[in-house]
Amino acid sequence: MKIKTYFLGFVATLSLIPTLSFAASDKETAIKRGEYVLNIGGCVSCHTDKKNKGKPLAGGVGLPTPFGTFFTPNITPDIKTGIGSWSEDDFIQAMTKGLSPDGSHYFPAFPYTAYAKMTRQDLTDLKAYLDNVPAVSFKAPEHDVPFPFNVRSGVALWKMMFFDEAPFKQDMSQSDQWNRGAYLVNGPSHCVECHSPRNFMGGIDQDRFLAGEPKSPEGEKIPSLLNTDGSPFAKWNHADTVFALQMGMLPNGDFLGGSMGKVISNTTGKMTEEDVKAIAIYLGKNKKN
């Protein structure tokens, strides 16, 4: 009787092995996808303080704005100073609603206004990846933002005026490639956040969407990405855009630098060719290719 019991137990254990194998495989796949989401989201550029030899994704990068300087947080899985204690729901709430686990509002220097467009799959994959990077014990500096802009409760009013929580919706009149480009530009890659002018309250000026800024808070000129305003970009063809996003080289042989140099290194330069082409298709709609 005991032999039969042991045999049945052995058989039951064997039956679990395929399930455990699939679970491990699914986790590895999610982590791999999450690394790609990290790249298309440009997380390294904002959350790794290379100037001060900061460790990867430990935060501390200062983001100057007209309202003060915001410092990016630690997004490694450290329990005390990072996001190691966050649940998947906590993470998705932060990314899509701009709310911390305790319900307080994040300042919109964190581009949750764009990340709200991301799919849940991309967000859960990103969380899977971040849960598996090396944990770093580092507390980012407090924001250097004067009153009244440092009042988090005031962000609730700002959100009512300027934050659209609706997820990305495909335009069925456009191609799958165009829609993929639209998703990347308006969602995870958040190109709109830097290339669109803002009003006096820091909200994106929807009437000048992607029209660029003559001078950013960092002192850089942010170019227009429109194809209708006579800007230099309007003269680029599809191949020009793809090559610039992949290699950082302009049609005239010059190279992109400054903040865009980081975007090439950490974001578009790590994208698949299909995704880069999709962005070029979306931005270049109605252009001569």
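The values are calculated or read from the model by the stated rules, or taken from the named source; none is laboratory data. No experiment lies behind these values; they were computed from the predicted model shown. Note that each Cβ is placed from the backbone with ideal geometry, even for glycine, and that neighbours are counted across all protein chains shown.
Within region 111-125, being in contact with a Phe, Trp or Tyr (Cβ under 8 Å, 6 or more places away or on another chain) and hydrophobic (A, V, I, L, M, F, W, C) holds for 116, 118, 123. Among residues belonging to region 43-78 that are among the polar types (S, T, N, Q) and in contact with a Ser or Thr (Cβ under 8 Å, 6 or more places away or on another chain), point out the one that is nearest to residue 131 (Cα to Cα). Once the filter is applied, the top-ranked residue is 74. Look at (1) in contact (Cβ under 8 Å) with a residue 12 or more places away in the chain; (2) more than 13 Å from the chain's Cα centre (by Cα) and you find that residue 111 fails only one, number (2).
Within region 95-151, the set of residues being under 16 Å from residue 60 (Cα atoms), among the aliphatic types (A, V, I, L, M) and either out of contact with any strand residue (DSSP E or B) (no Cβ under 7 Å at 6 or more places or on another chain) or not assigned by TED's automatic domain parsing to the domain that holds residue 46 (or both) comprises 135, 136. If I go through region 233-285 residue by residue, how many of them are polar (S, T, N, Q), more than 14 Å from residue 45 (Cβ to Cβ) and either touching a Pro at 6+ places or on another chain (Cβ under 6 Å) or modelled with pLDDT of 90 or more (or both)? Within region 233-285, residues that are polar (S, T, N, Q), more than 14 Å from residue 45 (Cβ to Cβ) and either touching a Pro at 6+ places or on another chain (Cβ under 6 Å) or modelled with pLDDT of 90 or more (or both) number 4.
Check region 134-145 and report whether any residue there is out of contact with any Lys or Arg (no Cβ under 8 Å at 6 or more places or on another chain), β-branched (Val, Ile, Thr) and surrounded by fewer than 19 Cβ atoms within 10 Å (Cβ to Cβ). Looking for residues that are out of contact with any Lys or Arg (no Cβ under 8 Å at 6 or more places or on another chain), β-branched (Val, Ile, Thr) and surrounded by fewer than 19 Cβ atoms within 10 Å (Cβ to Cβ), one finds at least one in region 134-145, hence yes. In region 196-210 there is no residue matching the filter, namely being out of contact with any Leu (no Cβ under 6 Å at 6 or more places or on another chain), of a type outside the set (Val, Ile, Thr) and crowded, with 19+ Cβ neighbours inside 10 Å. Screening 189, 196, 175 for residues that are within 20 Å of residue 257 (Cβ to Cβ) and either in contact with a Phe, Trp or Tyr (Cβ under 6 Å, 6 or more places away or on another chain) or at pLDDT 95 or above (or both) leaves exactly one candidate, 189. Here region 79-104 is the region considered, the condition is being in contact with a Phe, Trp or Tyr (Cβ under 8 Å, 6 or more places away or on another chain) and of a type in the set (S, T, N, Q), and the residue that is nearest to residue 133 (Cα to Cα) is 81.
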